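Following: one structure in structure tokens, then a few remarks.
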């Protein structure tokens, strides 16, 4: 949905990714120069975020008197309290969380079902369906915005999180099906055949064999989907108008306007908005990286 | 379409004992929920937009007239569309090539003898998981003419003359918006290339060394060819992604100053929600979507083919 977009996919080679990277434990002798170069670039890369953190914990007066790059003389946490209150983060957080918790599992489930039908159930017109669904990866969200707005207004579902569910689910489906279908295909047909002989029907096979065997793929897809749901701006911007129904990106956008002259408060607000996603990313990066890179290693 | 048909015609033998037959009703029960959502909230709205683009609808009135291709004729003559199309093109070229080249360079460096690989990798991909609105906020704040870190840095190193309102003037605004895009989009190619590089068998390099190949020749004749699948994915996905540009521009400059940084997405938005020209706005969206689809079809076809083997 947004730019991390995804990707990728085609985890054709996922299974065989493992042995390819035998990260040699040899002490890196000639590595110091390279390390220094990469470290400098990394420093530049992380500088905006580092600066953001430092600014968020200093008083505004200190920021104004000594400038944005000076090391703070004072530290304070009051920026966070101010930003939290004025930015209405209690409600934007709640809304974004509800959305992610409702949307992601449901999206992954229906995408997995479709992926299963495409990968293992020999659905009629399978290739046409796949082509049409993958084509969805290329459709910009904004072409659907006017009709969706009208549709939801007619249904009385604007300004509600439920109204966002439909478009969010729809725009998540292509990528999820793309990834899950390739995982499902790798499950050997023999396992399914054996289960059939034991009398299992398709639902049983789906829930007791396919899903458990594809747990890593489900986790990866779920995380990436959660990130793009958490970050989505356009639908939320147009469909939600009361303060109590806004999500994090829309809330942050308004907040940015209100805090235009309060740099430290703005920094604190931005941090409040991104910290959960940064924590989740740091903890779960293994899955993200694995999912994103799965396709690159074949051939 | 021919490519599709050939793809459809080619079926590889399956290791399945029974003769090939379709899954019937039960397969459809699995497919229908996702397909229904997809059709109702993506396909149908996209086609409805196509219809609106042939009308003079303002987005509010209960009625409208069908005006045929008038909106498209207006699109062609609209100077802002010309700016937006040019910006989309510049955006695509720059935010595709720079991140891909930098990502490849970083991946090659990281694939060498480097300490702290996991943390470095973590750092470079971090911007990609942030909400675009927050990236816009962060950079808008860095670019602030008076209190921004960038101008402050220039003043500190004695380049006062270069301190300027980066987002507020025509000459620098578009470049200033592309910098954060590069910042956030370099991580993905880096991850992909790193994974791909680690998959290249060491023997290839050993053999090349034995044959007397220089480092540069090794890069050209061993590394680059082995990275072909990675190049393909990275370029295809970056390309697809670049047509969708909206959030960053909307949140950083709102297309301004004037109309300098308008892209098709934001100009469509302005026409629909600010000037109440829904018919005209959707025509703009249709144009860019058609371009995006046409450019992406080879990728979609190759995916379909690969996924049906």
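The values are calculated or read from the model by the stated rules, or taken from the named source; none is laboratory data. Treat the numbers as computed from the prediction; the structure is a model and nothing was measured. Here the Cβ is made from the backbone with ideal geometry for all residues, glycine too, and neighbour counts use every protein chain on show.
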TODO: Please verify whether the range B:258-266 includes one or more residues that are assigned to a helix (DSSP H, G or I) and either facing chain A (nearest Cβ under 8 Å) or surrounded by fewer than 22 Cβ atoms within 10 Å (Cβ to Cβ) (or both).
DONE: yes
Open item on the list: If residue B:303 meets every condition in (1) under 24 Å from residue B:168 (Cβ atoms); (2) buried (at least 18 other Cβ atoms within 10 Å of the Cβ); (3) free of Cβ contacts under 8 Å to residues at least 24 places away in the same chain apart from one, which number is that one?
Closed with: (1)
- [ ] Test residue B:260 against the criterion of being under 20 Å from residue A:137 (Cα atoms) and either assigned by TED's automatic domain parsing to the domain that holds residue B:179 or touching a helix residue (DSSP H, G or I) at 6+ places or on another chain (Cβ under 9 Å) (or both), and give yes or no.
- [x] no
TODO: Select from the range A:255-275 the residues that are surrounded by fewer than 19 Cβ atoms within 10 Å (Cβ to Cβ), part of a helix (DSSP H, G or I) and free of Cβ contacts under 8 Å to residues at least 24 places away in the same chain and list them in ascending order.
DONE: A:257, A:275
TODO: Return the total of residues in the range B:267-291 being under 13 Å from residue B:255 (Cβ atoms) and not in a helix (DSSP H, G or I).
DONE: 1
Open item on the list: So residue A:136 ticks every box in (1) within 9 Å of another protein chain (Cβ to nearest Cβ); (2) crowded, with 21+ Cβ neighbours inside 10 Å but one. Which box is left unticked?
Closed with: (2)
Open item on the list: One residue is enough: does the range A:20-31 have a residue meeting the conditions modelled with pLDDT of 85 or more, within 9 Å of chain B (Cβ to nearest Cβ) and over 27 Å from the mean Cα position of the chain (by Cα)?
Closed with: no
Open item on the list: Condition first: under 15 Å from the mean Cα position of the chain (by Cα) and assigned to a loop (DSSP other than H, G, I, E, B). Now tell me which residues in the range A:226-254 satisfy that.
Closed with: A:232, A:233, A:247
Task: Residue match in the range B:137-147 (condition: crowded, with 23+ Cβ neighbours inside 10 Å, within 30 Å of residue B:277 (Cα to Cα), touching a residue at least 24 places away in the same chain (Cβ under 8 Å) and within 7 Å of chain A (Cβ to nearest Cβ)) - done: yes
- [ ] Kindly indicate whether residue A:48 is facing another protein chain (nearest Cβ under 7 Å), out of contact with any strand residue (DSSP E or B) (no Cβ under 7 Å at 6 or more places or on another chain), part of a loop (DSSP other than H, G, I, E, B) and modelled with pLDDT of 60 or more.
- [x] no
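So that you can scan it fast, the table gives a plain yes or no per residue for (1) outside the structural domain of residue B:122 (by TED's automatic domain parsing); (2) over 24 Å from residue A:231 (Cβ atoms):
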residue	(1), (2)
B:183	no, no
B:210	no, yes
B:232	no, yes
B:285	yes, no
B:295	yes, yes
TODO: Among the candidates B:165, B:180, B:127, single out the residue that is modelled with pLDDT of 90 or more, within 29 Å of residue B:252 (Cα to Cα) and not in a helix (DSSP H, G or I).
DONE: B:165
Task: Failed item in (1) closer than 19 Å to residue A:234 by Cα; (2) in a helix (DSSP H, G or I), with residue B:294 passing the rest - done: (1)
TODO: State which residue pairs qualify: first residue within 7 Å of chain A (Cβ to nearest Cβ) and inside the range B:111-127, second residue at pLDDT 90 or above and in a loop (DSSP other than H, G, I, E, B) in any location, beta carbons under 7 Å apart, and separation of 6 or more residues or different chains.
DONE: B:124/B:186
Task: Index of the failed condition, residue B:64 passing every other in (1) in contact with a helix residue (DSSP H, G or I) (Cβ under 8 Å, 6 or more places away or on another chain); (2) surrounded by fewer than 17 Cβ atoms within 10 Å (Cβ to Cβ); (3) in the same structural domain as residue B:186 (by TED's automatic domain parsing) - done: (3)
TODO: State whether one or more residues within the range B:244-264 are within 18 Å of the chain's Cα centre (by Cα) and under 28 Å from residue A:126 (Cβ atoms).
DONE: yes
Open item on the list: Would you confirm whether or not the range A:95-108 contains a residue that is assigned by TED's automatic domain parsing to the domain that holds residue A:190 and not in a helix (DSSP H, G or I)?
Closed with: no
- [ ] Test residue B:220 against the criterion of being more than 11 Å from chain A (Cβ to nearest Cβ), out of contact with any strand residue (DSSP E or B) (no Cβ under 6 Å at 6 or more places or on another chain) and in a helix (DSSP H, G or I), and give yes or no.
- [x] yes
Task: Within the range A:51-72, tally of residues that are more than 10 Å from residue A:267 (Cβ to Cβ) and in a loop (DSSP other than H, G, I, E, B) - done: 6
Task: Criterion (more than 10 Å from every other protein chain (Cβ to nearest Cβ), within 30 Å of residue A:51 (Cβ to Cβ) and either modelled with pLDDT of 90 or more or surrounded by 14 or more Cβ atoms within 10 Å (Cβ to Cβ) (or both)) met by exactly one of A:208, A:247, A:293, A:229 - done: A:229
